[in-house]
Amino acid sequence: MSSIPDNRIFERQAGNISRLVDDAIVRVLLFCDTIALLRLEQTCRYLKLLIARQEVWIAILHRLPRESMPSIAPHERRDEADFRELAIRAVRGYKNWTSSSPKPSRRVRLSVIEPGSMLADPRLLPDRKHMVYF
């Protein structure tokens, strides 16, 4: 059985909106902000499928200032869900950094190692992201 319902189910769920051509609805969605898209995708499966399109979330990313754009390597393959999450994180980050009272997304506690202590031999782990002190 297909994961995409047939048109009769769409018409019953979406009402008159399903009579519009998909491309026309997507063109309108390209002008919506992130909050509107997240609210609209909760209304019915039909709109959720249209909002899940990669081009909708790329439009959100293009509206962000250049310094807020996430870096995406041209050779990276991403699916539509990745672009959705990427756009949501980028918008949240931009709003947080430009607000008058930014909120931390996570807290990290760092301990300072005194020079000459027993933990004076740092080594980089194979993942090249973490260090171990001996």
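None of the figures in this text is laboratory data; all of them are computed from the coordinates on show. Note that the structure is a prediction, hence the values are computed from the model and not measured. Cβ: placed from backbone, ideal geometry, glycine included. Neighbour counts: every protein chain shown.
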TODO: Compute the length gained on full extension between Leu124 and Ala81: take 0.36 nm times their separation in residues and subtract their Cα-Cα distance, giving the result in nm to one decimal.
DONE: 12.2 nm
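For Ile58 and Val21, what does the FRET efficiency come to when R0 = 30 Å and r is the distance between their Cβ atoms, rounded to the nearest 0.05?
Working: r = 20 Å, r/R0 = 0.68.
Once the sixth-power term is evaluated, E becomes 0.90.
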Open item on the list: At 0.36 nm per residue, and after removing the present C-alpha to C-alpha distance, how many nm does the segment from Phe31 to Thr43 gain when stretched out fully?
Closed with: 2.5 nm
